[in-house]
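I have placed the structure first, in the form of structure tokens, so that the comments after it can refer back to it.
The values are calculated or read from the model by the stated rules, or taken from the named source; none is laboratory data. Values in this document were obtained by computation on a predicted structure and should not be read as measured data. In this analysis, Cβ positions are derived from the backbone assuming ideal geometry, glycine residues included, and neighbour counts consider all displayed protein chains.
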Amino acid sequence: MKYQELSYIAVWFVSFITTLLLVPVFRWIALTLGVVDMPDQKRKVHKKPIPYLGGMAFYISFLVACCFIEWIYPQYFDEKLTIIAVVGTLIVLMGLLDDLISIPASRKLVFELLLGVLLYYWGFRTTTIAHPLGGVWNVGWLALMITPLWIVGVMNAINFSDGLDGLASGQVAICSATIFAISYYNGQIFSCLVMSILLGCTLAFLVYNSHPASVFMGDTGALFLGFILGCATLVERRKGVTIVALTVPMVVLAVPFLDTFLSFLRRMQRASKGEFFMPDRDHLHHRLLKLGLSQRQVVFSLYYFSICMGFLAFITSLIPSHYTFLILILVCMLVGMGVILLHFIESILEQREEQKE
């Protein structure tokens, strides 16, 4: 086994063990301080109060893993890890404050966008996009808009998917494993290290967060995971990988991105009533629960779909970059068909309920 491969395993092990040890600590702190997620009849599906400071373990584990890399494998340490840690600290503070006292969604969005702009000037950006007819587009100054929108989009996609036990952490684990495989194939050391950290954190967290969960990650954890994932996909070195860097997580996280898009459309419909930032219980996982599926069935169904998308994303990384748009079209067709089928099934069930009444 190569020295480089050993470093990936070591980093994964450090983040896994650190998270495994820290989650019970933060669960105890949350219970002691009364920081628990109370059940309600509107959008939450759990039946008893659950502590939700588990996401703090992700942050500490990331810092520990970064220190481990600098100490044991200094030749692989990248200064962008420091930048991610610094900005990530601000994300964690915002998420923690939101978990404790609840910050208005509009203020969180503005803060996230500002941090995205800051990251752009620190080198986290994508300047080329695959052209549908071959070649690439140089987006130029539009990269200043794409970068913060991308990072905010990934962060909120993960946050919106954190509605069932193990769903968000499992999907991030699947996405991290996929990007790790692609990065390993292309020799991208930085991405491999970051994905090793994410994979270790999320798999360890699933020990406590799988149904029935004993702890939640809260906004702190969901936003931090999305932030790391969004940043890592903007840091690539090779031209071919740069072009597909955003395509891969878009494919793997097709369901969370679709859920975020549908949520945006619903919010736009409520905007005239001043309820744009009001949450609802119409996310995809909520709708699947309404069909009669159990939490485990919904979560594993979405896992399965994400794994299929992961294989499709890996194939995307192997084909010429000017064909990547075909994969995106295929993904849109598959997801669109899924939404149509879901709506069709919901309509049939509603008609049956009306006939019974």
Checking T178 against (1) of a type in the set (V, I, T); (2) under 21 Å from F305 (Cα atoms); (3) surrounded by fewer than 24 Cβ atoms within 10 Å (Cβ to Cβ), only one condition comes out false. Which one?
(3)
Do you know which of the residues in the range 56-90 that are of a type in the set (S, T, N, Q) and under 22 Å from G116 (Cα atoms) is modelled with the lowest pLDDT?
T82
Pairs please, first residue from the range 295-313 and under 9 Å from V251 (Cα atoms), second anywhere and part of a helix (DSSP H, G or I) and not hydrophobic (A, V, I, L, M, F, W, C), Cβ atoms under 6 Å, 6+ apart in sequence or on different chains.
S306/Q171; G310/T178; A313/T178
For the range 192-228, which residues satisfy the criterion of being at pLDDT below 90 and crowded, with 21+ Cβ neighbours inside 10 Å?
A213, G218, D219
Using beta carbons and a limit of 6 Å, which pairs, at least six apart or on different chains, have the first residue in the range 65-93 and over 27 Å from Y52 (Cα atoms) and the second one of a type outside the set (F, W, Y) and surrounded by fewer than 16 Cβ atoms within 10 Å (Cβ to Cβ)?
F77/E70
Failed item in (1) in a helix (DSSP H, G or I); (2) surrounded by 14 or more Cβ atoms within 10 Å (Cβ to Cβ); (3) free of Cβ contacts under 8 Å to residues at least 12 places away in the same chain, with I103 passing the rest
(1)
Tell me, please, whether a residue that is farther than 20 Å from V251 by Cβ and in a helix (DSSP H, G or I) can be found in the range 168-189.
yes
Do you know which residues across the range 314-325 are loosely packed, with under 13 Cβ neighbours inside 10 Å and closer than 12 Å to V251 by Cβ?
I315
